[in-house]
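Report on one structure; see the data block that follows.
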Amino acid sequence: MDLKAVRAFVAIADSGQFQKAAVDLSLTQQAVSKRIAALEKDLGVRLLVRTARGADLTIDGQALLPHARALLQAEERAVAAVSPGDRALRVDVVGRRVATAGLVRDFHLAHPQIALDVVTLFGADTALAAVRDGAVDATFRAVTMPGHRLPDGVEAVPVLDEPLRLCVGPGHEFARAASVTPAQLAGHRIWMPGNEPGTEWAAYYDELAATFGPTLDTIGPNFGVEALLDTIAASPTLATFLSERTPLVWPTDHDLRLVPVRDPMPVYPHALLWRTDNPHPGLAALRDHLLATRPRLTEGAVWRPSWAESVR
């Protein structure tokens, strides 16, 4: 497969426009179009559809995109194999609105000279495979040990215990509470449509529910955090879990409340995972920074799932 054509395809997928992709690749728009036409001919399918706003991926284009990115990453790794340290440090943060993305932002502010490539991979299995294969240098995950065995040569160190907050609307029973205990949540509906079976966060909340008795409601399509907060704000019975470290903005008329959970305080255990033989000089700097700046909890008893203790 012609990697120049693959790179043009990914550039269009990222920008949504042939013209913008051409500028990014320092090519003419005609040259980009020819590369896409040749790629579509080789594969025997349509990958892109031109629209008034630019270009949209077809179903086949959507199917090809992750593999196209993997091809370009493989090319990059091949070059980096003979020039370690010349490329950016690639770190998976799970999601750009979660606390681990903030940790990497803080690292960048402290070490602006270290180039970063921040990515978001779905699920621990995908992330661990990426670390093992060298597609990323490090990832942040809740390591569900012992049920989730780390690949040989991959290590994990805890870097953040993230306290949970109960997010409720103004009509909820706990809206005016100074704090709640996990035991008080027994029988209450905690709506988390993003809890997909098999993910590490689903494993965390499943054990929390089994320990303290709240009812996890994962039914319904996941339309994103904004739609989730719209529903919570209007409901007198639904609640969800958020963190003060999660950068969110909601309309003032939502009047949402973040209620501390204490006695014990449930914390989500984030760990940094990396390959021990990874030679990238920025990796050691990231690890040292996270360990030196790791927040220490001083508010009494905390709760972690049983599997989290293996990487304390």
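Laboratory data are not the source of any read-out in this text; all were calculated from the coordinates shown. Computed from a prediction, not measured in an experiment: that's the story for all the values here. FYI the Cβ positions are ideal-geometry reconstructions off the backbone, even for glycines, and counts take in every protein chain you see.
Translational D (Stokes-Einstein, µm²/s) of the range 3-80 at 4 °C and 1.567 mPa s when Rh comes from the Kirkwood sum over C-alpha pairs? So the translational diffusion coefficient is about 104 µm²/s.
Given a Förster distance of 45 angstrom, what is the FRET efficiency for residue 3 paired with residue 183, based on the Cβ-Cβ distance and rounded to 0.05? About 0.20, to the nearest 0.05.
Work out the FRET efficiency for residue 125 and residue 227 from their Cβ-Cβ distance, taking R0 = 22 Å, and round it to the nearest 0.05. Once rounded, the FRET efficiency stands at 0.20. Estimated from helices alone, the mean residue ellipticity of the chain at 222 nm is -11500 deg cm²/dmol (sum of -39500 (n - 2.57) over DSSP H runs with n ≥ 4, per residue).
Please work out the Kirkwood hydrodynamic radius for the range 191-312, using every pair of different C-alpha atoms, and report it in angstroms with one decimal place.
Taking every pair of different Cα atoms in the range 191-312, averaging 1/r and inverting gives 17.2 Å.
A straight Cα-to-Cα reach below 20 Å connects residue 20 with the lysines 4, 34, residues fewer than 8 places away in its own chain not being considered.
Listing 306, 235, 243 from the residue with the fewest other Cβ atoms within 10 Å to the one with the most, what is the order? Please report the intermediate quantities before stating the final value.
On the way: 306 11, 235 15, 243 18.
Fewest-to-most ranking of 306, 235, 243: 306, 235, 243.
Under the shape rule built on the C-alpha gyration tensor, where the axes satisfy a ≥ b ≥ c, the range 165-260 is oblate, since a/c reaches at least 1.5 while a/b does not exceed b/c. For the chain, DSSP calls about 65 percent of its internal beta bridges antiparallel. Taking only the alpha-carbon positions of the chain and ignoring solvent, what does the Debye formula give for the base-10 log of I(q)/I(0) at q = 0.09, 0.14 Å⁻¹? Per q value, in the given order, log10 I(q)/I(0) is -0.58, -1.16.
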